[in-house]
Each structure stands twice: as structure tokens, then as C-alpha cells.
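Undergrad: Take a look at the following structure, please.
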Amino acid sequence: MVWWQAMILGLVQGFTEFLPVSSSGHLILVRELMGLNSSSAAQFNLMFDIMVHLGTLVAVLIVLYKDVISLFRKPFKRLGMLIVASVPAVIVGFTCKDFIEKYFSTSTYLCFFFLFTALIMLISEILAKRNKDPKPLGWGGAVGMGMMQGLGVFPGVSRSGSTIFGGTVAGTNSRQVATFSFLMSMPIILGSLLLSVIDVAQSGALASIDWFCVFIGAASAFASGYFAVRVMLKLIAKANFKWFSLYLVVIAVLTFSFYFIPAVR
């Protein structure tokens, strides 16, 4: 990997982490287009993913610092909902991590997961615009968003898109869905970061990491993530998702054409 590839990957991660289009799916796709998905680069890619996710985490903390601070004020209801909402993704991550990495870490089946995300985003827009009396975020909405976040572990299924769908189905206010969805990203990013650091450290690959490229990627992810959070807070409040659905359908068709068909042959 060279610096400009790191910058592009960082920008892709930052934009797609909070846009409902799947950051993991786009990283796999862009890496394959750049020829960076070789098995020899696996540990570097893992470390790189850790740091670009850290960049997006810092972006969320800066944009939503008031909401983050409010989590630790009595009666701690929102903090409790955040903990409960994080449980499904933790369970799926721990129990399915090896299975997902073995079968879904390449671009072969991305098209189907992209289409799934496109479908739930279109349904989210329809439901949100039909809901004339949205409710404040409650335990039901938090649980629904948490259950859907578990699906975001699969590459190509958008974590933010899944949580938006879960909150919208529960009839929750769109603005509160947006804020809580981004808050939900923090414990998941921190958890995956910790596990990934342990994996890389145990492999002994830390000494061979190109830290300059890692820094470029993290800085790019922070910049694009900051912009994406700002944009999505406005778009989710308006329930304007159909263009993301259209984009994902196009990406799914292209991915199917270039990767799935040759793989089947």
C-alpha cells in the first residue's frame, strides 16, 4: 500500500461508515480493485481498519459531544438503552466472527448484501414518511435498533442503515434515530478495535506495519467521517434514503457482474 491508496481507503471508510451504504463492503470492494486483498496483507489490512475506524470514532465524538456527555447524567436511561442496544452486535460478532471472515471477507457475495441494504433503506423512507406521529426513542426502539445492528456485522450490510431501519419500524422520531444510531457506533468500534489490536499483537505483525500509511488513512477517515455525520443527521431527519437505495442497487449490479458471475464459472 502507498500513501494515496491509504488516503482513498480512509476517505471511503469515513464516508461510508455513517452513510447507509456499508463501510466494510466498500473497503473490500476498493481493496480488491487496488489489488490489496492478498492473504499476505491480511494483518496490515486489519491494523489499517482499526485505525481508520478510530478516525471515524473521533469524528462522532466531536460532532455529538453534547449527546455523549448527556449519557452520563442521571437517570442514565439513554446509557442503559445504548448498552442494551449493543448486546446483539456483540453476540453476533463473537459467535460468527470466524465464519464471516472465512466466507464473506471477499467481494463474491457483496452484491446480495448491498441489495438487502438497498431494500431496507427504501422501506425506511416509506415508513418514516407515512408516520405522522413519531414517538420519542424508548426501550422498544433501542432494542429494535440493536437487533438490526447485529446484521451490520456482515460486509455489505450497512450498520447505520440497519439501525435506522430498526428505529423507523419502531415508529421513533427520525432525528433521535439518527443521533442514537451514531452513538451506537461508538461501543461497537471500540470493541472491534480492542479485539483487532489483540489479534495483530499476537500475530507479531506490529513491527512490520507501515505507520505512515496508517496515519494517512486514519486522518482521511476522520475528515470524511466528520462530514458524513453532519450530512446524515440532516438526511435522516428528512427520511431521504431513496438515492442511497438506488446507488446500492447500481453497486450491487456492478459487483454481481464483475465478481459473482466469474466466481460461479
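The values are calculated or read from the model by the stated rules, or taken from the named source; none is laboratory data. In this text the structure is predicted, and so the values were computed from the model without any measurement. Note: ideal-geometry Cβ built from the backbone for every residue, glycine included; neighbour counts use all protein chains shown. The area values use the complete protein model at the heavy-atom level, side chains included, leaving out ligands, DNA and RNA. Shrake-Rupley method; radii C 1.70, N 1.55, O 1.52, S 1.80 Å.
Undergrad: Just one of the numbered conditions (1) closer than 22 Å to L46 by Cα; (2) touching a Leu at 6+ places or on another chain (Cβ under 8 Å) is not true of A89; which one?
TA: In the conditions (1) closer than 22 Å to L46 by Cα; (2) touching a Leu at 6+ places or on another chain (Cβ under 8 Å), A89 misses (2) alone.
Undergrad: Determine if region 31-43 includes at least one residue that is under 20 Å from S160 (Cα atoms), open to solvent by less than 60 Å² (accessible area, probe 1.4 Å), of a type outside the set (A, V, I, L, M) and in a helix (DSSP H, G or I).
TA: Of region 31-43, the ones under 20 Å from S160 (Cα atoms) are none.
So far as region 31-43 goes, no, none of its residues is under 20 Å from S160 (Cα atoms), open to solvent by less than 60 Å² (accessible area, probe 1.4 Å), of a type outside the set (A, V, I, L, M) and in a helix (DSSP H, G or I).
Undergrad: Can you confirm whether G141 is farther than 30 Å from E32 by Cβ and touching a residue at least 24 places away in the same chain (Cβ under 8 Å)?
TA: yes
Undergrad: Answer with yes or no whether V153 is touching a Cys at 6+ places or on another chain (Cβ under 7 Å), among the β-branched types (V, I, T) and not in a helix (DSSP H, G or I).
TA: So V153 fits the description; yes.
Undergrad: For T108, indicate whether it is among the β-branched types (V, I, T) and in contact with a Ser or Thr (Cβ under 8 Å, 6 or more places away or on another chain).
TA: Answer is no for this residue.
Conditions (1) open to solvent by 50 Å² or more (accessible area, probe 1.4 Å); (2) outside any helix (DSSP H, G or I); (3) at pLDDT below 90, marked per residue:
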residue	(1), (2), (3)
C213	no, no, yes
A221	no, no, no
S224	no, no, no
A228	no, no, yes
M232	no, no, yes
L235	no, no, yes
S245	no, no, no
V249	yes, no, no
F256	yes, no, yes
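Undergrad: Any idea which of (1) out of contact with any Pro (no Cβ under 7 Å at 6 or more places or on another chain); (2) closer than 19 Å to C213 by Cβ is the one I28 doesn't satisfy?
TA: Looking at each condition in turn, I28 falls short on (1).
Undergrad: Quick check on L79: is it open to solvent by 10 Å² or more (accessible area, probe 1.4 Å), over 20 Å from L248 (Cα atoms) and among the aliphatic types (A, V, I, L, M)? Spell out how you get there, then give the answer.
TA: Numbers: open to solvent by 10 Å² or more (accessible area, probe 1.4 Å): yes; over 20 Å from L248 (Cα atoms): yes; among the aliphatic types (A, V, I, L, M): yes.
Against the criterion (open to solvent by 10 Å² or more (accessible area, probe 1.4 Å), over 20 Å from L248 (Cα atoms) and among the aliphatic types (A, V, I, L, M)), L79 qualifies.
Undergrad: Exactly one of these conditions fails for L122: (1) closer than 24 Å to K97 by Cβ; (2) open to solvent by 70 Å² or more (accessible area, probe 1.4 Å). Give me its number.
TA: Here L122 clears every test but (1).
Undergrad: Test F180 against the criterion of being of a type in the set (F, W, Y) and surrounded by fewer than 21 Cβ atoms within 10 Å (Cβ to Cβ), and give yes or no.
TA: no
Undergrad: For residues in region 88-105 being aliphatic (A, V, I, L, M) and either touching a Ser or Thr at 6+ places or on another chain (Cβ under 6 Å) or surrounded by 15 or more Cβ atoms within 10 Å (Cβ to Cβ) (or both), which is modelled with the lowest pLDDT? Give the steps one after another, and end with the answer.
TA: The first filter runs over region 88-105 and keeps only residues aliphatic (A, V, I, L, M), leaving 89-92, 100.
If we keep only those that are either touching a Ser or Thr at 6+ places or on another chain (Cβ under 6 Å) or surrounded by 15 or more Cβ atoms within 10 Å (Cβ to Cβ) (or both) too, we end up with 89-90, 92, 100.
Numbers: A89: 85, V90: 83, V92: 84, I100: 76.
Top of the filtered list is I100.
Undergrad: Another one. Scan region 140-147 and tell me whether some residue there is surrounded by fewer than 24 Cβ atoms within 10 Å (Cβ to Cβ) and in a loop (DSSP other than H, G, I, E, B).
TA: No, that holds for no residue.
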